Amino acid sequence: MSASEKVKAAVEQFVGHAVYRVARAKGHWTTAAKGAALEARGKVRHLKEKSKDKFRL
């Protein structure tokens, strides 16, 4: 996993989770959903990069 992609995945997860928590606390449900989607995208990016490393020859 390249370092830059690893950082991007971690940042997406962190920011998405933070946006979700703050928006949910304030009652902004649309923004909370966007934060959850961003967090999920970060998790998928992490899994994709992890699988690339696993299958490299």
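Can you give me the solvent accessible area of His46 with a 1.4 Å probe, rounded to the nearest 10 Å²?
60 Å²
State in Å² the accessible area per residue of the chain; use a 1.4 Å probe, count heavy atoms of protein chains only, and round to the nearest integer.
It amounts to 78 Å² per residue over the chain.
With volume of the Cα convex hull per residue in Å³ as the read-out, I listed (1) 84; (2) 45; (3) 93; which label goes with the value calculated from this structure?
Only one listed value fits the structure, namely (2).
Residues with beta-carbon under 14 Å from that of Thr31, excluding Thr31: net charge, scoring Lys, Arg +1 and Asp, Glu -1? Don't skip to the answer; put the middle values down first.
Details: positive: Arg21, Arg24, Lys26, Lys34; negative: Glu39.
Its environment carries a net charge of +3.
Would you work out what percent of the accessible area of the range 1-40, with all protein chains in place, is carbon or sulfur (probe 1.4 Å)?
The computed percentage sits at 64.
Once the Cα atoms of helix 29-54 and of the chain are each reduced to a long axis, what angle between those two axes, in degrees from 0 to 90 to the nearest 10, is obtained?
Compared with the principal axis, the helix lies near 10 degrees.
Using only Cα atoms, find the angle between the long axis of helix 3-26 and the longest principal axis of the chain, and express it within 0 to 90 degrees, rounded to the nearest 10.
Helix 3-26 and the main axis of the chain meet at about 20 degrees.
The values are calculated or read from the model by the stated rules, or taken from the named source; none is laboratory data. Only a predicted model underlies this, so the values are computations on that prediction, with no experimental measurement involved. Heads up, the Cβs are rebuilt from the backbone with ideal geometry, glycines too, and the neighbour counts pull from every protein chain shown. Just so you know, the surface numbers come from the protein's heavy atoms only, side chains and all, with ligands and any DNA or RNA stripped out. Shrake-Rupley method; radii C 1.70, N 1.55, O 1.52, S 1.80 Å.
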